[in-house]
Structures are given as structure tokens and as C-alpha cells.
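In what follows, a structure is listed as C-alpha cells, so that the remarks can point back to it.
What follows draws every value from the coordinates through simple rules; no lab data is involved. These numbers were taken from a predicted model, which means no experiment stands behind them. Glycine gets a Cβ as well: all are built from the backbone with ideal geometry, and neighbour counts include every protein chain shown.
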Amino acid sequence: MEYAANLTKALYGQLYAQIDPRRIGEDRRAMQIMDHYGKRLSKRTNNLLPDGLKRLLENYPDHGCYIDFDEARELFKTVRRPNSGEEAFVECLNDVSDITIGAHNNAVVIDLSAGQDENEQEDENEQADFARNAETAGTVPEAGAN
């Protein structure tokens, strides 16, 4: 028995010494968070193909991974090239960010159809009510006034 223990230690000792239980736990937790977040996004958009989330989690290890147009079509139900208005919008963003479109056949995914959260919607509703009330009272608020 001692011989087997010594042999195992000699063969695998250095390998086992490299295993960090804390790192394994952190990685597992990060994967659980990504899986949960991905399911929430998928439920909201209904755009992931059945195995899309699994493939994203397993095949793209970080945010630096690039997904080209053909790969996107294998992950998502609806994928299209940007229209001229969206291209112009992204070009405007280039002035203030690192976003690029079309360079080296890269694709940019921007969800322009995403709804606003409830607080933003309430703010807009209050501003619209204020403007309507001001118009019916015969006064129009100045631009930018709240």
C-alpha cells in the first residue's frame, strides 16, 4: 500500500499541487452566474437557438472572443446585417468609443429594440403629462425645463 501511495505521489503530486480549490469554486460560481444571466436574456429576447447558451458558455471563454456573422447564425434565431441607419449610428459611436463595424468583416450586435426600465418609462410619462398640462393651461415649458 505504501508503494502505491508513493507511486501516486510521484506521478501526480506536482499536478495536484497546482489545483486551487478556491479558483475552482470561483470559476464554477462565475459559470453559474453566466448561465443564469444568459437564461434571463434568452427568456426576454427569445432569440437563442436551443443549444445557443450552452455553446456560448463552452466555446467563448471571455468577452474578448469574437463571434462572426456565420457563427452568430448558428447561435441565434434572428441575425441580420445592420441597415444604413444603424451603420451611421455606430459610426457616431466611433467618435467616443472603440466600437467598429465592418472592419475585417467584424459584426457589431447592438439591441436597439430593448425596452426601457420602469423608472425611465415613468420619468418619460411624467414629462409627457407635464407638457400636456402646460399646453392645456396655455403655457409651453422651455426646452430642457423640468
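Counting only residues that are acidic (D, E) and surrounded by 10 or more Cβ atoms within 10 Å (Cβ to Cβ), which one in segment 1-45 is nearest to P61 (Cα to Cα)?
Let us first name the residues in segment 1-45 that are acidic (D, E), namely 2, 20, 26-27, 35.
Among the residues that remain, those that are also surrounded by 10 or more Cβ atoms within 10 Å (Cβ to Cβ) are: 20, 26-27, 35.
Values: D20: 19, E26: 14, D27: 11, D35: 13 Å.
Result: D27.
Return a yes/no flag: does segment 8-16 have any residue that is in contact with a strand residue (DSSP E or B) (Cβ under 9 Å, 6 or more places away or on another chain) and free of Cβ contacts under 8 Å to residues at least 40 places away in the same chain. Give the derivation first.
Quick first cut of segment 8-16, residues in contact with a strand residue (DSSP E or B) (Cβ under 9 Å, 6 or more places away or on another chain) only: none.
Among the residues of segment 8-16, not one is in contact with a strand residue (DSSP E or B) (Cβ under 9 Å, 6 or more places away or on another chain) and free of Cβ contacts under 8 Å to residues at least 40 places away in the same chain, which makes the answer no.
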